[in-house]
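Comments concern the structure below.
The values are calculated or read from the model by the stated rules, or taken from the named source; none is laboratory data. Remember, predicted model here, so these are calculated numbers, not experimental data. Don't worry about glycine lacking a Cβ; one is built from the backbone with ideal geometry, like all the others, and counts go over all protein chains shown. Quick note on the areas: whole protein, heavy atoms, side chains included, nothing else; ligands and nucleic acids left out. Shrake-Rupley method; radii C 1.70, N 1.55, O 1.52, S 1.80 Å.
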Amino acid sequence: YNAWLSYPELPQGSLQEQYVKWCGAVSVTETDDTVQAALAEWKQGVASMLGIEVQVQAEAALADTAANAPEHSDGTSAGHVIAFGTFGSGNPLINSVFAEADIRKVGREGFAIRTSAEHNCIAVGASAPAGVLYGVFHLLRLIGTLQPIAALDEAVNPVNSLRMINHWDNFDGSVERGYAGRSFFYENNRFIGDMERVRDYARLMSSAGINAIAINNVNVHALETLFISEYLPQVAEIADKFRVYGIRLFLSVNFAGPMQEGGVGTADPLDPGVRTWWQNKAAEIYQVIPDFGGFVVKADSENRPGPFTYGRDHADGANMLAEALEPFGGIVIWRCFVYNCKQDWRDRKTDRARAAYDHFKPLDGRFKDNVILQIKNGPMDFQVREPVSPLFGALTQTNQIIEFQIAQEYTGQQRHVCYLVPQWKEVLEFQTLAKGEASPVKRIVDGSLWGNRHSGIAAVSNTGNDINWTGHLLAQANLYGYGRLAWNPELSAEAIAAEWIALTFGSNPEVADVISRILLDSWEIYESYTAPLGVGWMINPEHHYGPNVDGYEYSQWGTYHYADNRGIGVDRTVKTGTGYSAQYIGSNAARYESLEECPDELLLFFHHVPYTHVLHSGKTVIQHIYDTHFEGAQRAEGLLSSWQTLKDKVREDLYVQVEQRLTGQAAHAKEWRDQINTYFYRKSGIEDQASRTIY
Ligand code: GCU
């Protein structure tokens, strides 16, 4: 339940002695809720990891921190103290340890941390209370991962200013694409009101660096439309809890709200009555939630209402809402997941992959500066493998954030392990070439490439009311990892995994090795026994779990791979296909357009080829399919046997949860292997070179 904040007891040793020596006393002089929350966290963490009760020093005692003060019998030292607080707020230690030059390095949400020999103190100073909290979580993390603390000296600032979670929770308690139980906010069209759970959730999120959470599904149904009116008091209660942990609350809103709720006869964004309605709404919201973040909007997408009905475009719609929020500092997060979901299979020119770019590129520069476009990482929908959305690089005058999906909708639904941090890193590192070689996606979304006013990262939550929050225990690593990566995209997938493992399971190196290997191999393994070479979508329609090669091929939803007895893949070239490859810049466009140069892992995303086409790897497409599926299923079994080496080395209840899931995964991977292999064997008639059993 406490996930990575369970603070396992640390092993005896020199580091542990060092921590004990330092952590006996803390100096905190501020009564601010957030600083007090940091103090509570500190006490809890230190008690649990080190078994000592922290003494909070009164101001008078602070002067008394002499270097040669006596050692106490519990190993703490009267001379040593941890101090935290905001700069200039009256804590004498913070004020003595940090000079003007240090303070200048610390941004709105950052912190400075320094071990000062002179003052016998480890000081955490910040410009604002949220920074204090982040700094304390940082120090707890250093201790939890057994890092030395005797010579700390750094200023730490988040790279991305918006670090957001999107919940797809519905008021009835269901969670769209939720794989970890039901909502912990709502049940049966009411707010559950379990504020302790909401607080613990806020603690977890804040400790990972999250500062914004939208609490309801982007598909806003009838009752959720009333979150900005009738249910505002309950929403405000959640916002109150979030605020303590430096998190701003956002709501998804219904573009047709003025009609459905307000009795205005239209939702036309240019209608004065509609504009006034939203302006009044914004004023009402800010009266009860003064730090309300703003609106998340899914409009004209998958049958949701939007400006198209009135012959207006997305800029008209978004700007109208932005105008309403502007006086209060709120923002509109407008999603770019807009496409024609009724594509006919005979129509080879319409291409869902093109849609976001085709809709939004022409609007670049037309959005108000408190509008942010939220763009999914790929052009389709969170497949295990997709190219990066070409909108990154195409929009040069628009605030934009990337949207990842922590929920494993298409990557095993939290029954399979699939650590997604390596995938996200690959996306963030992608060179868009928008401004030459130094234009990776991470520099677009952090706002530095184009100097955007708002920027950052959002992701769809993978949480629910399951006791471990994420269903699969190992899926916690995605939630934690997402937050850490949003804070600092330079962290490696390995380092993030190592942190999560130590904080969750303790510091046994053997345990860490095994779990780390499982996590780091898992994305590749999942990809290998599911959809090959970037083709995607070979899952059961609607619920999206389990193999079904032709599921979407024969669905009206229209997401095709065009496999027949001669070949497979979607021709997205300019020369003979949908022209999608031209949405990329320079050598990226050329590479994807070219059959010879296109990377193997994306071949079938961009090209339709015969099964006998030879990949860069030297294998034919059909042999690649057979090999990866046989190997993938075998490696899935390997994940289970690796885990089984940890029996008796990790807490029994944790061990059992994961063992069960990995057992299920190993069996399901075989089902994938057999269905995919038999499908392509029968289509192609080509034998497996290794003569393995294909049904
Ligand atoms: C996917 C997902 C939907 C969701 C949509 C979105 O298509 O399957 O459940 O509503 O994405 O991002 O809006």
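Side notes on the structure shown:
- THR578 being of a type in the set (Val, Ile, Thr), in contact (Cβ under 8 Å) with a residue 40 or more places away in the chain and closer than 26 Å to ILE676 by Cα: no
- Test: ASN540 is open to solvent by 10 Å² or more (accessible area, probe 1.4 Å) and under 30 Å from TYR679 (Cβ atoms): yes
- Some residue of segment 524-531 being over 16 Å from THR145 (Cβ atoms) and free of Cβ contacts under 8 Å to residues at least 60 places away in the same chain: yes
- Flag for CYS336 being in contact with a helix residue (DSSP H, G or I) (Cβ under 6 Å, 6 or more places away or on another chain), within 16 Å of the ligand (Cβ to nearest atom) and not small (Gly, Ala, Ser): yes
- Hits in segment 422-441 - residues which are without any contact (Cβ under 8 Å) to a residue 60 or more places away in the chain and either in contact with a Leu (Cβ under 8 Å, 6 or more places away or on another chain) or farther than 15 Å from ALA394 by Cβ (or both): GLU426, VAL427, GLU429, LYS435, GLY436, GLU437, ALA438, SER439, PRO440, VAL441
Every residue, every condition in (1) open to solvent by less than 10 Å² (accessible area, probe 1.4 Å); (2) within 16 Å of the ligand (Cβ to nearest atom); (3) assigned to a loop (DSSP other than H, G, I, E, B), yes or no:
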| position | (1), (2), (3) |
| --- | --- |
| SER448 | no, no, yes |
| ARG453 | no, no, yes |
| GLY456 | yes, no, no |
| ASN465 | no, no, yes |
| THR470 | yes, no, yes |
| GLN476 | yes, no, no |
| GLY481 | yes, no, no |
| LEU491 | no, no, yes |
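- All conditions in (1) without any contact (Cβ under 8 Å) to a residue 24 or more places away in the chain; (2) touching a Phe, Trp or Tyr at 6+ places or on another chain (Cβ under 6 Å); (3) of a type in the set (S, T, N, Q) hold for THR276, with the sole exception of (2).
- Among residues of segment 546-588 being in contact with a Phe, Trp or Tyr (Cβ under 9 Å, 6 or more places away or on another chain), among the hydroxyl-bearing types (Ser, Thr, Tyr) and assigned to a loop (DSSP other than H, G, I, E, B), the one that is nearest to SER301 (Cα to Cα) is THR559.
- 3 or more residues surrounded by 21 or more Cβ atoms within 10 Å (Cβ to Cβ), of a type in the set (Val, Ile, Thr) and away from the ligand (no atom under 16 Å from the Cβ): qualifying helices (runs of 4 or more DSSP H) within segment 378-446: 441-445
- Of all residues in segment 307-318 being in a helix (DSSP H, G or I) and surrounded by fewer than 24 Cβ atoms within 10 Å (Cβ to Cβ), the one that is farthest from the chain's Cα centre (by Cα): TYR310
- Test result for PHE360, touching a residue at least 12 places away in the same chain (Cβ under 8 Å), aromatic (Phe, Trp, Tyr) and over 18 Å from VAL220 (Cβ atoms): yes
- Residues that are in contact (Cβ under 8 Å) with a residue 40 or more places away in the chain, within 30 Å of ILE622 (Cα to Cα) and either of a type in the set (Val, Ile, Thr) or touching a helix residue (DSSP H, G or I) at 6+ places or on another chain (Cβ under 7 Å) (or both), drawn from segment 643-691: LEU662, GLN665, ALA669, TRP672, ARG673, ILE676, ASN677, PHE680, SER684, ILE686, ASP688, GLN689
- Test for GLU176: is it surrounded by 19 or more Cβ atoms within 10 Å (Cβ to Cβ), charged (D, E, K, R), touching a residue at least 40 places away in the same chain (Cβ under 8 Å) and within 27 Å of LYS376 (Cβ to Cβ): no
- Checking every residue in segment 506-519 against the condition of being within 17 Å of the chain's Cα centre (by Cα) and not polar (S, T, N, Q) gives at least one match.
- Cβ-Cβ under 6 Å pairs, at least 6 apart or on other chains, segment 135-157 side free of Cβ contacts under 8 Å to residues at least 40 places away in the same chain, far side open to solvent by less than 20 Å² (accessible area, probe 1.4 Å): LEU142/ILE149; LEU152/ILE113
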